[in-house]
Amino acid sequence: MATMFSFDLEIERFESVRRRLSAKCGSVFWNERLDPLSQLVRSCLGARTYDAVSWKAFFTLTDAFPDWNALVAATPDQVLSHIQEVTFAEDKARHLVSAFRMIKARTGGLSLEFLSTWPIEAAHIWLEGLPNVGPKVAAAVLNFSTLERRSMVIDTHVLRVTARYGLVARDADIRSAWGSLMEMLPEHWTSRDLANFHVQLKNLGQTHCRPVGPDCGRCPLADDCAAKRSH
Ligand code: SF4
């Protein structure tokens, strides 16, 4: 059974990681947030696609469909013509139309605002029932959007860093890592703290903790990193 002492140690461990990442990469300020439906579109387009490309596709799509209700009536080909440059564009066009039709069929409208008061696990299950929505996209809708829910967004960079450093199991997948981190993250960390932590870990994964040839020598987490110790 976890004692008060072990809880304090766990919190200090996260605070220590956050301090070192903040010193290295600074903090992120989230001024503008998308509504949850728009964030769903944005996150779906962003999968395995560079941010610059997916943002461009997102704005092209929002110009073509200024009212998301029109997306419900659109064909996948109509959507595809605006998002050609993203990875797996055909699949994403099909999934987006299906997801929007499913949201309308399930809720009678086109809004995800009702998720603002649901328990976070239930909100995840509901979102992950949509076509091609996994734990990463669900967490992004809940955390990055105007819903500002307390859910940690874990992408491949965050997964790699947290697994190598030792915050989650080495063989964790995104779903199990989400479960572990949501149990361990300090309770006083807000949804914005979680968003900030996501960006800091992602930055570290893109710069130092790369998939191949991590630059441990200049990594701010090197002192107590499990993977570095085992080299
Ligand atoms: S010390 Fe190396 S393996 Fe550990 S988190 Fe930093 S870059 Fe990754």
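No lab work stands behind these numbers, since they all come straight from the coordinates. These figures come from a predicted structure and were not determined experimentally. So basically every Cβ, Gly included, is an ideal-geometry build from the backbone, and we count neighbours across all protein chains shown.
How tilted is helix 174-184 with respect to the longest principal axis of the chain? Cα atoms for both, answer in degrees (0 to 90, nearest 10).
Approximately 50 degrees, to the nearest 10.
Using the Kirkwood radius built from alpha carbon pairs, what does the Stokes-Einstein equation give as D for the chain at 4 °C and 1.567 mPa s, in µm² per second?
Details: Rh = 18.8 Å.
It comes out at roughly 69 µm²/s.
Assuming R0 = 25 Å, what is the FRET efficiency of residue 128 and residue 171, from their Cβ-Cβ distance, to the nearest 0.05?
Computed FRET efficiency for residue 128 and residue 171: 0.70.
So what is the relative contact order of the range 154-229, in percent, for Cα pairs below 8 Å that sit 6 or more residues apart?
Details: 65 pairs, mean separation 31.1, N = 76.
In percent, rounded to a whole number, it is 41.
How much length is gained on full extension from residue 67 to residue 226, taking 0.36 nm per residue of separation minus their Cα-Cα distance? Don't jump to the answer; show the numbers that get you there.
Numbers: separation 159, 0.36 × 159 = 57.24 nm, distance 4.86 nm.
Roughly 52.4 nm would be gained on extension.
For the range 116-231, compute the orientation-averaged projected area of the C-alpha convex hull (one quarter of its surface), in nm².
On the way: hull surface 30.2 nm².
Computing the convex hull of the Cα atoms and averaging its projections yields 7.5 nm².
Take the residue pairs 104/202; 92/228; 24/56; 24/228 and return only those whose Cα atoms are more than 26 Å apart. Could the numbers behind the result be given before it?
Numbers: 104/202 33 Å; 92/228 38 Å; 24/56 29 Å; 24/228 18 Å.
Pairs exceeding 26 Å: 104/202; 92/228; 24/56.
Using Cα atoms only, what is the angle between the long axis of helix 51-64 and the major principal axis of the chain, expressed in degrees (0 to 90) to the nearest 10?
Roughly 20 degrees, rounded to the nearest 10.
To the nearest µm²/s, what D does Stokes-Einstein give for the range 36-144 at 20 °C and 1.002 mPa s, using the Kirkwood radius over alpha carbon pairs as Rh? Before the final figure, lay out each step's value.
Numbers: Rh = 13.8 Å.
The calculation lands on 155 µm²/s.
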